[in-house]
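This report concerns only the one structure given below.
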Amino acid sequence: MSSLINRDKKHVWHPFSQHATSGDPLPIVSAKGTLLYDEKGKSYIDANSSWWVNIHGHGHEIIGKAITDQFQALDHVIFANVTHPQAVRLAERITSKLPSHLTKVFFSDNGSTAAEVALKMCVQFWHNKGEEKTLVMALEGAYHGDTFGAMSVGERDLFNKPFEPLFFHAEYLPFPNPDQEDYILEIAEKRFASGNFAALIVEPLIQGASGMRMYSVGFLDRLMQIARKNKVLIIFDEVMTGFGRTGTFFALDQCNENPDLVMLSKGLTAGVLPLGLTVTSEEIFNSFLSEKTERGFLHGHSYTGNPIACAVANASLDIFEQEGTIEKIERLKEANNEALRLISQEPNVLNLRVCGTILAFEVNTADRVGYFSGIRDKAYQYALERGILLRPLGNTIFINPPYCITREEYDHLITVIISFLRSIQE
Ligand SMILES: *Cc1c(COP(=O)(O)O)cnc(C)c1O
């Protein structure tokens with residue numbers, strides 16, 4: 001065992017891990033492009049973009065330069081009553097890519113804080129208007145982060161069971177499977193008519209953590225119409241879907257209706273530094289304006305608007321403009337659609353599906369299904385031995401690689417996935 005692993009085991013507590021059974025961590029010491037390298041120099045294709053965040057590949061020169069340049073210019077400064085060029089430039093660029101009514105950008109640190117900010121803004125918006133509406137509607141299977149507010153509007157499952165007594169009450173609509181859309185919209189009509197809902201929060205088009213579950217844009221548009229009619233604010237959690245993941249720059253680009261708030265993180269900084277944004281409308285912003293301090297949004301984090309993180313986000317947008325990232329996304333979409341045909345030949349595959357740069361399916365197994373399925377560990381080990389870092393969600397295997405993945409790397413990924421499927425056939 002390497003000394004790095006030994007030292008890790010003495011003092012490090014890893015995320016989403018059961019240390020009694022999780023085994024040794026993989027010691028990664030460097031990375032370039034789509035590849036991660038371990039201590040012995042063995043390479044691994046980063047098939048899930050280092051937890052869905054990396055979009056342009058590792059060690060990108062433009063990002064490296066942005067970090068050093070920004071460090072020389074300004075490393076960090078308080079963001080209350082202070083501003084700086086990188087935050088302003090990022091706010092200008094992000095809002096220019098969003099629907100025109102979304103004009104104001106609040107900075108925080110990650111996807112969970114972007115959720116907290118969005119939820120608090122919605123509740124205070126109604127409070128400022130003198131309406132005590134505090135209920136939030138979410139979708140079953142939702143994941144919006146691991147802080148208390150975000151957990152409160154997420155799926156109530158084994159992940160957060162111990163904390164459930166502390167959650168605020170939220171309501172849930174069933175996940176919109178194609179044959180249930182009308183029925184679910186009827187439920188939404190009835191519940192929203194109560195007038196008690198402050199906000200609706202959704203992961204647009206695809207729920208990530210609950211297993212890359214995709215649903216129709218038609219349903220989402222109709223749900224938004226019902227919410228709008230009943231004066232319910234709409235929050236789009238684009239933490240996972242933003243920055244090209246679903247094939248368009250934002251998932252909302254595929255919708256006819258628009259949200260009132262958009263949460264961004266993950267791909268925002270190309271997977272290099274932590275940063276979260278909550279983008280909202282002029283109308284919401286204006287409701288906080290008053291002579292009274294307490295009507296303002298009195299929320300912030302020490303690193304709010306960190307200049308280096310903002311510089312990285314700007315550099316990532318530069319890469320989109322300079323390196324034809326949109327064409328890379330198109331090519332990855334096409335490759336996914338070709339892979340659909342290959343993988344669909346395998347008998348133990350269920351619900352094979354593609355959403356832009358994401359390809360997913362369930363392994364049909366006699367094993368336990370869901371997140372705690374044994375398939376997860378088998379697939380993880382099988383891929384690892386063949387130079388791929390793949391992290392399935394239970395018996396859901398999915399790929400969402402950096403957009404710069406080469407055709408060769410992509411084909412290797414699909415070949416290994418197919419050979420894994422054959423290896424476990426009973
Ligand atoms: C990852 C994720 C979050 C939480 O983001 P963190 O940066 O991990 O806190 C929220 N929403 C969605 C859809 C996510 O995929």
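Below is a table of values for the structure above.
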read-out	value
Euclidean distance between Cα centres, region 82-104 to region 368-398, Å	39
Highest to lowest packing among 412-423, 117-128, scored as the average C-beta count within 10 Å	117-128, 412-423
Using alpha-carbon coordinates, inclination of helix 375-385 to the longest axis of the chain, degrees	60
Calculated from backbone phi, Karplus (6.51, -1.76, 1.60) coupling profile of region 42-59 in Hz, x at Gly/Pro	6, 9, 9, 5, 7, 5, 10, 6, 6, 6, 6, 9, 7, 10, 9, x, 7, x
Cβ charges +1 (Lys, Arg) and -1 (Asp, Glu), total dipole of the chain, debye	460
Extension gain (nm, one decimal) between residue 81 and residue 169, 0.36 nm per residue minus Cα-Cα	28.2 nm
Top positive-direction residue, dipole computed over region 1-120 with Cβ charges, set 83, 45, 118	118
0 to 90° range, to nearest 10: angle between helix 85-97 axis and the chain longest Cα axis	90
Degrees separating the helix 407-423 axis from the principal Cα axis of the chain, which is the longest one	70
Two-site FRET efficiency, residue 225 against residue 42, from Cβ-Cβ distance with R₀ of 45 Å, rounded to 0.05	0.30
Amide H partners (placed H, <5 Å) of residue 47, local residues excluded	389
Helix-only [θ]222 nm of the chain, DSSP H runs n ≥ 4, -39500 (n - 2.57) each, per residue, nearest 500	-11500 deg cm²/dmol
Highest to lowest packing among 343-351, 378-386, scored as the average C-beta count within 10 Å	378-386, 343-351
Part-to-part distance (alpha-carbon centres) for region 20-55 and region 210-241, which is given in Å	33
Of 104/229; 120/161; 65/120, those spanning more than 30 Å from alpha-carbon to alpha-carbon	65/120
Accessible area expressed per residue, the chain, with surrounding protein chains retained (probe 1.4 Å, Å²)	45
Cβ-defined net charge surrounding residue 214, 11 Å radius [Lys, Arg +1; Asp, Glu -1]	+1
Ranked packing of 239-246, 319-326, most packed first, by mean Cβ within 10 Å	239-246, 319-326
Amide H contacts of residue 272 (H built 1.01 Å from N, under 5 Å, at least 5 apart or other chain)	none
Per-residue ³J(HN,Hα) for region 362-374, Karplus 6.51 cos²θ - 1.76 cosθ + 1.60, θ = phi - 60°, Hz, x for Gly and Pro	9, 8, 6, 9, 7, 4, 4, 9, x, 4, 8, 4, x
Total charge dipole magnitude, region 294-392, about the Cα centre, Cβ charges on Lys, Arg, Asp, Glu only, Debye to nearest 20	340
Amide H within-cut-off set for residue 108, under 5 Å, with H built and near neighbours excluded	276, 277, 278, 305
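The values are calculated or read from the model by the stated rules, or taken from the named source; none is laboratory data. Please read all numbers here as calculations on a predicted model, not as lab measurements. Because the Cβ atoms are built from the backbone with ideal geometry, glycine has one as well, and the counts that use them run over all protein chains shown. Keep in mind that these areas ignore ligands, DNA and RNA; they rest on the heavy atoms of the full protein, side chains included. Shrake-Rupley method; radii C 1.70, N 1.55, O 1.52, S 1.80 Å.
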